[in-house]
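Everything on this sheet refers to the single structure shown next.
The values are calculated or read from the model by the stated rules, or taken from the named source; none is laboratory data. On a predicted model such as this, the values are computed, not experimentally measured, just so you know. Counting neighbours? That spans all protein chains shown, and the Cβs are built from the backbone with ideal geometry, glycine included. Please note that ligands, DNA and RNA were not included when accessible areas were found on the heavy atoms of the full protein model with its side chains. Shrake-Rupley method; radii C 1.70, N 1.55, O 1.52, S 1.80 Å.
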Amino acid sequence: MANTNSTAACDETVDILGIAVTSGDPNAIINELDQNIAERRPTRVAFLNTNLATVASADPTTKQALSSFMVLNDGAGVSLARKVLHGKGFAHNLNGTDFVPLFLDMTSHDLRIYLLGSAPDVLSQAIHVIGDRWPRHRVVGAKDGYWPRTQDNEITSTVAASKPDIVLVAMGNPLQEQWIAENIPQVCPCAVGVGAWFDFVTGKFRRAPRWMRAARMEWAYRLALEPRRLWRRYLVG
């Protein structure tokens, strides 16, 4: 796929394991997203953490799909990779858990948002939390991530019919990136792969203390909470 996104407003784009990763001041990234939304320009956003980097390295289809995304750097592992490959790490950590709420705070648009993915109970809570925390935006539809693949066309038609400005896709790597690559811009001009953000914004998952986040050590906190599920992602990755 050809890259449909311009990164001129952002500070830098560097190659990490064959993936073009964009970084810079979050305000510059948000300004670019705002411009893309205003112009209805096809925009796919992913956050490259160690898990997605590992998946993409082993799966050429995922890596190729990411060439059509604005890929933002997420976490200490990817910053370390840049330091090893290019001599310095990333100045800004653009992890989705912090960037998505910052974008909803700072965007110049009153957005029509569709929520796709996560468990039904979490999704239901996320609708209310987003409505309370960001009342100027409107959740125009939602669907949990547990549908049979035979309903794919029905789901995409439902998303398109709600006419969202942006779809927040919480299906995990690489399913969310695959869905975005296959369906944007046909059903909506813009989508962001948000991973576990619905779990965080609803309080299902606890955030690390602020000092650990500042030190880019949130991965260690999450590993301590869920070692059996996350050890491969954070240690092997």
Among the residues of the stretch 171-194 satisfying the criterion of being assigned to a loop (DSSP other than H, G, I, E, B) and over 16 Å from Leu111 (Cα atoms), which is most open to solvent (accessible area, probe 1.4 Å)?
Gln186
Name the single residue, out of those in the stretch 145-170 being open to solvent by less than 30 Å² (accessible area, probe 1.4 Å) and in a loop (DSSP other than H, G, I, E, B), that is farthest from Pro185 (Cα to Cα).
Trp147
For Ala208, state whether it is more than 21 Å from Thr61 (Cα to Cα), of a type in the set (A, V, I, L, M, F, W, C) and either modelled with pLDDT of 95 or more or assigned to a helix (DSSP H, G or I) (or both).
no
So which residues in the stretch 126-169 are under 18 Å from the mean Cα position of the chain (by Cα) and of a type in the set (D, E, K, R)?
Lys143, Asp144, Asp165
Select from the stretch 73-115 the residues that are within 17 Å of the chain's Cα centre (by Cα), modelled with pLDDT under 95 and of a type in the set (Val, Ile, Thr) and list them in ascending order.
Val78, Thr97
Within the stretch 109-122, does at least one residue satisfy the condition of being open to solvent by less than 20 Å² (accessible area, probe 1.4 Å), part of a loop (DSSP other than H, G, I, E, B) and closer than 22 Å to Thr22 by Cα?
no
Could you check the stretch 46-103 and list, in sequence order, the residues that are out of contact with any Phe, Trp or Tyr (no Cβ under 9 Å at 6 or more places or on another chain) and among the aromatic types (Phe, Trp, Tyr)?
Phe69, Phe90, Phe103
Please give the number of the condition Asn3 fails out of (1) open to solvent by less than 70 Å² (accessible area, probe 1.4 Å); (2) closer than 19 Å to Ile184 by Cβ; (3) modelled with pLDDT under 95.
(1)
Answer yes if at least one residue in the stretch 7-23 is in contact with a Ser or Thr (Cβ under 6 Å, 6 or more places away or on another chain), surrounded by fewer than 20 Cβ atoms within 10 Å (Cβ to Cβ) and closer than 18 Å to Ala196 by Cβ, and no otherwise.
no
List pairs: first residue in the stretch 120-148 and basic (Lys, Arg), second residue open to solvent by 40 Å² or more (accessible area, probe 1.4 Å) anywhere in the structure, Cβ distance under 8 angstrom, at least six positions apart or on different chains.
Arg136/Asp110; Arg138/Asp110; Arg138/Arg112; Lys143/Thr158
